[in-house]
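Student: Before anything else, here's the structure in question.
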Amino acid sequence: MKQIIIILSMLFAGQLVAQTKYETGMQKGLEQFAAVKSVEDMAAASAFFERIADAEKDKWLPYYYAAYANHLTGWMNPKADKDKVAEKSKDLLSKAEALERNAETYCMRQMIAIQQMTVDPMSRWQTYGTEAGNALAEARKIDAANPRIYLLDGQTLMNTPEAFGGGKAVAKKLFEKAVELFGSFKPASPIHPTWGKDQATQLLAACQ
């Protein structure tokens, strides 16, 4: 019995050290992400998270953050090939989804689809607009209280002509919902996504 207890204790200690190393690495990555000042910094943050993901193998969050940071490089650099950026983001996100599909991964899929749609909105709206809408619909099914769903939906509608069901009046209601939900939102852990509150507040003010 004593040997069994010793073995179990050693296994638990090993798991604890591994978990601590993972969480420490993720915190470092999030700090690096928060300190980003350039496209190069953002690309480096994406690469950092990808290295964690490749080392851990069974964690979806590093791939998610790698996809998110890579996605942002496409907006930060006006000369970026958004299709190329999006394809890399989708590759990283697919690896996260292979481990777990949740509201956050579906929100990210919506963001990537919107980025590709903006390359040529008139000809791509039907394809990528539908893909984006379906992604948010799946996110709502999983966690309707996730504020990023309403932030992203509002962003899309804010930039959609009123003739097609968009405009500030429609978007305002979604931003109000997002701000409300951010007020009570609690991430599953310190390394889970928390972004969007400031953005939702700013966009709501822009709709007044």
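Student: Considering Pro187, Pro161, which residue is more than 22 Å from Ala34 (Cα to Cα) and without any contact (Cβ under 8 Å) to a residue 40 or more places away in the chain? Outline the logic, then answer.
Tutor: Values: Pro187 fails: more than 22 Å from Ala34 (Cα to Cα).
That would be Pro161, the only listed residue that is more than 22 Å from Ala34 (Cα to Cα) and without any contact (Cβ under 8 Å) to a residue 40 or more places away in the chain.
Student: Let me ask something else. Those residues that are among the small types (Gly, Ala, Ser), more than 19 Å from Met111 (Cα to Cα) and not in a helix (DSSP H, G or I), I need them from segment 168-202; list them, please. Walk me through it before giving the result.
Tutor: Quick first cut of segment 168-202, residues among the small types (Gly, Ala, Ser) only: 169, 171, 178, 183-184, 188-189, 196, 200.
Filter once more, so that each one left must be more than 19 Å from Met111 (Cα to Cα): 169, 183-184, 188-189.
Passing the criteria: Ala188, Ser189.
Student: Next question. If I go through segment 33-81 residue by residue, how many of them are β-branched (Val, Ile, Thr), over 21 Å from Met117 (Cβ atoms) and in a helix (DSSP H, G or I)? Steps first, please.
Tutor: So in segment 33-81, the residues β-branched (Val, Ile, Thr) come out as 36, 39, 52, 73.
After this cut, where a residue has to be over 21 Å from Met117 (Cβ atoms) as well, the list is 36, 39, 52.
If we keep only those that are in a helix (DSSP H, G or I) too, we end up with 39, 52.
Residues in segment 33-81 being β-branched (Val, Ile, Thr), over 21 Å from Met117 (Cβ atoms) and in a helix (DSSP H, G or I): 2 in total.
Student: Scan segment 50-64 and give yes if some residue there is under 27 Å from Asn159 (Cα atoms), at pLDDT 95 or above, within 16 Å of the chain's Cα centre (by Cα) and not assigned by TED's automatic domain parsing to the domain that holds Ala188, otherwise no. Break it down stepwise before answering.
Tutor: Filtering segment 50-64 down to residues under 27 Å from Asn159 (Cα atoms) leaves 64.
Cutting the leftovers down to at pLDDT 95 or above gives us 64.
Still in the running and within 16 Å of the chain's Cα centre (by Cα): 64.
Among the residues that remain, those that are also not assigned by TED's automatic domain parsing to the domain that holds Ala188 are: 64.
The answer is yes; a qualifying residue exists.
The values are calculated or read from the model by the stated rules, or taken from the named source; none is laboratory data. Nothing here was measured: the structure is a model prediction, and the numbers come from that model. Note that we place each Cβ from the backbone using ideal geometry, even for glycine, and neighbour counts take in every protein chain shown.
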